Amino acid sequence: MPPQPALLPAPLPSSLPAPTSANDTLYLQIAERIAQPIRAGTLARGERIPSVRELARQQGVSLSTVVQAYRTLEDARLIEARPRSGYFVAARAPRLPEPEPSLPPPDSRPVDVSSLGEQVMSLATDPRYISFGAACPSGELFAQDRVRRAVSRAAQRHRASLCRYPIGPGHELLRRAVARHALGLGCQLDARDILVTNGCLEAISLCLRAVTQPGDVVALESPTYFGFLEILESMHLRALEIPTHPRTGLSLDALQLAFDTQPVKAVLAVPTLSNPLGASMPLAERRRLAQMVAARGIPLIEDVLYNDLAEQDDRRRAVKAFDTGGHVMICGSFSKTVAPGIRLGWVEAGRWSAQVRRLKAVHSGGHTELLELAMADLLTQPGHGSAYRQLRTTIAARVDEARGLIAESFPRGTRVTDPAGGFILWIELPGGLDSTALFEACLAERICIAPGTMFSATGRYRHCIRLGVGGRWDEAHRAALRRIGEIARAMAERNAG
């Protein structure tokens, strides 16, 4: 006789996101009742849980409520569906300690980024190397035929656009599609205020140009995305790195101290799945951050590039959702979630919208209208939400597998993040291991990683590396990840000897 599904306990823990409305309450309660015994180990890996129909009968709820609860648990990598078999507790990577919260120096620094970032990014497209250095998703994660058909439809229906000079903030259809998309971030944006850009980095650059002058201080997470540091360096801005927790993100107490003691002119932050830590700020902290910048009149440039990859609904809600005075400049793109090859971003710059629009017109003008129409098509197609869920599930399984390989192969004492979404892992190496030396040793075997020094203007994080597992993922890449661990372990043994 096959094993019977476990009955679920009644207590409601607080490990999943709190409901944000009355309609959310029931399915989240059901999800909580399953999550608690899984995380406590009461329900073991591979153990069957009740079917949708069985659980609906047990709990006295509708089938749709249970389906929504199970989707939430799948996104959180706690359960998995097996065709014709039912739902089971998902296999999870071994528990690993997470890195320590960062402690950057309290003063701002001029930025002098080396060419290391350029080298790492160039190797990401070199077929002779297996690369974990870039945070770029591979085409295999996306419905390539769906993207191709959207571009083909746009070319067929709007042929004349190829012979029209693009001027203005972006095609109205795309700006309206972005405004609808922003509803999922908790934001009610006016499509007329949205500006289409050449990716998210251009949106961020325009915002910084609008609100700073050379020599100004910009507060940002530590460690932070090296592309941000390159932008600050090009604009002759000073970086003030704020302590950041690998799970909960930017320390708002430290940021408040910076406001009180430093001439901060802007804040640049990634509240959801920050790069490279993968941290996600709790909802109450997002509200507080919006209040803090409004109280000081300081612009917050919010990067929401990864929000749609977050496993939990409340982590997808932008700080902009709590902005009542236009102090949050929200920047996004779909290069990590819909179509990496269509390099279109967007920005709604709040009270600085007019300045950003003028800068955009001066620096890069309009875009290829055909691609804007193709992206608008992709964003408004039925099933768009389910495509996001599938992408999150695929990436989550890959990240779990990568964490398992790290646990098996890397030196004892290694610390690794466990991000609630996305495809980036931050690894803290033990015993003073030098990640730059590890980078060079891996390059000799045609494997690329990103050394931690790339992610700070202070020269810190020399004992850390960032791994991106969003690219190709096959047996060669699994073997390469094991090999990185073996090289690090050999280096640790030599240091110990």
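The values are calculated or read from the model by the stated rules, or taken from the named source; none is laboratory data. Source: prediction; values computed, not measured. With ideal geometry, Cβ positions are generated from the backbone for all residues, glycine too; neighbour counts draw on all protein chains shown. Each accessible area value is taken on the protein alone, full model and side chains, heavy atoms only, with ligands, DNA and RNA left out. Shrake-Rupley method; radii C 1.70, N 1.55, O 1.52, S 1.80 Å.
Say whether the condition of being free of Cβ contacts under 8 Å to residues at least 60 places away in the same chain, open to solvent by less than 30 Å² (accessible area, probe 1.4 Å) and not hydrophobic (A, V, I, L, M, F, W, C) is met by at least one residue in the range 446-457. The answer is no; no qualifying residue exists.
Yes or no, residue by residue, for (1) closer than 23 Å to Ala396 by Cα; (2) not in a loop (DSSP other than H, G, I, E, B):
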| site | (1), (2) |
| --- | --- |
| Leu240 | no, yes |
| Leu257 | no, yes |
| Val267 | no, yes |
| Pro276 | yes, no |
| Ala284 | no, yes |
| Ala295 | no, yes |
| Asp308 | yes, yes |
| Ala321 | no, yes |
| Thr324 | no, no |
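Does the range 471-492 hold any residues that are open to solvent by 40 Å² or more (accessible area, probe 1.4 Å), out of contact with any Pro (no Cβ under 8 Å at 6 or more places or on another chain) and part of a helix (DSSP H, G or I), and which are they? Passing the criteria: Glu475, Ala476, Arg478, Ala479, Arg482, Arg483, Glu486. Please go through the range 158-173 and give me each residue that is without any contact (Cβ under 8 Å) to a residue 40 or more places away in the chain, more than 30 Å from Gly325 (Cα to Cα) and not aliphatic (A, V, I, L, M), ordered by number. Of everything in the range 158-173, those that are without any contact (Cβ under 8 Å) to a residue 40 or more places away in the chain, more than 30 Å from Gly325 (Cα to Cα) and not aliphatic (A, V, I, L, M) turn out to be Arg159, Cys163.
Is one or more of the residues making up the range 121-143 surrounded by fewer than 20 Cβ atoms within 10 Å (Cβ to Cβ), assigned to a loop (DSSP other than H, G, I, E, B) and of a type in the set (S, T, N, Q)? Checked against the condition, which is being surrounded by fewer than 20 Cβ atoms within 10 Å (Cβ to Cβ), assigned to a loop (DSSP other than H, G, I, E, B) and of a type in the set (S, T, N, Q), the range 121-143 yields at least one hit.
Looking only at residues that are of a type in the set (Asp, Glu) and either at pLDDT below 90 or within 24 Å of the chain's Cα centre (by Cα) (or both) in the range 363-403, which one is nearest to Glu202 (Cα to Cα)?
Glu372
Does Val416 satisfy the condition of being open to solvent by less than 10 Å² (accessible area, probe 1.4 Å) and at pLDDT 95 or above? So Val416 passes the test.
Right, Ala457: part of a loop (DSSP other than H, G, I, E, B), more than 19 Å from the chain's Cα centre (by Cα) and among the hydrophobic types (A, V, I, L, M, F, W, C) or not? Taking the combined requirement at face value, the residue satisfies it. All of Ala179, Ala160, Ala191 fail the test of being open to solvent by 10 Å² or more (accessible area, probe 1.4 Å), aliphatic (A, V, I, L, M) and touching a Lys or Arg at 6+ places or on another chain (Cβ under 6 Å), apart from Ala191.
Pairing each residue of the range 479-492 that is within 14 Å of Pro430 (Cβ to Cβ) with any residue that is open to solvent by 50 Å² or more (accessible area, probe 1.4 Å), provided the two are 6+ apart or on different chains, yields C-beta distances under 7 Å for Ala492/Gly431. Residues satisfying the criterion are present in the range 296-304 (criterion: closer than 25 Å to Cys464 by Cα and touching a residue at least 40 places away in the same chain (Cβ under 8 Å)). Among all residues of the range 217-226, there is none that is open to solvent by 20 Å² or more (accessible area, probe 1.4 Å) and at pLDDT below 95. Looking across the range 409-450 at every residue that is of a type in the set (Asp, Glu) and within 20 Å of Gln119 (Cβ to Cβ), the one that is farthest from the chain's Cα centre (by Cα) is identified as Glu445. Residues in the range 174-187: is at least one over 24 Å from the mean Cα position of the chain (by Cα) and touching a residue at least 60 places away in the same chain (Cβ under 8 Å)? The answer is no, given that none of the residues of the range 174-187 is over 24 Å from the mean Cα position of the chain (by Cα) and touching a residue at least 60 places away in the same chain (Cβ under 8 Å).
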